[in-house]
């Protein structure tokens, strides 16, 4: 399944507030709610040095939405703080970035990092948090 942020909301000044991601079955989740949940259960979901090779394929989403040649896009990516964990959902065998594409791009392409802090969780673990239809 593909998980994409609602980029119209994401582009607001306070991007985290109101941000959502959705699956290809039409279900959506609040980034804020999911972040609070995984942070509350940090021992289970937090990986302080997660291998980026596992999620680097998600850069295709960054490239489909942003352009390094666009000054606004480039600056947004460069301003991303890679010390904050990326949200990654596991759905079957797929790993998808729900929040943190700019941090992922910056870490891999600019900072040449091999690891980042990540909250990794199974889709089943957040089903109770999905938005109401």
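Using DSSP, restrict attention to beta bridges with both residues in segment 4-129 and report what percent are antiparallel, rounded to the nearest 5. Intermediate values should be presented prior to the final figure.
Details: 14 of 19 bridges.
So the antiparallel bridges amount to about 75 percent of the total.
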Quiz item: Using alpha-carbon pairs under 8 Å, 6+ residues apart, how would you state the relative contact order of the chain in percent?
Solution: 29 percent
Quiz item: What nm value, rounded to one decimal, do you get for the distance between residue 69 and residue 56 when each label is placed 7 Å out toward the C-beta?
Solution: 2.5 nm
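Order these peptides, 115-126, 96-107, by their mean beta-carbon neighbour count within 10 angstrom, highest first. Could the numbers behind the result be given before it?
Working: 115-126: 18.1, 96-107: 23.3.
Peptide ranking by packing, descending: 96-107, 115-126.
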Quiz prompt | Rg/Rh (Cα only; Kirkwood hydrodynamic radius) as it applies to the chain | solution = 0.93
Quiz item: How big is the gap, in Å, between the Cα center of segment 97-127 and the Cα center of segment 18-39?
Solution: 15 Å
Quiz item: Given only helices, namely DSSP H runs of n ≥ 4 each adding -39500 (n - 2.57), what is the per-residue ellipticity at 222 nm of the chain, to the nearest 500 deg cm²/dmol?
Solution: -7500 deg cm²/dmol
Quiz item: Measuring from a point 7 Å past the Cα of residue 94 along Cα-to-C-beta, which residues in segment 56-78 have an amide N at less than 17 Å?
Solution: 56-65
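We did not get these values from a lab; they are worked out from the coordinates using the rules stated. No experiment lies behind these values; they were computed from the predicted model shown. Because the Cβ atoms are built from the backbone with ideal geometry, glycine has one as well, and the counts that use them run over all protein chains shown.
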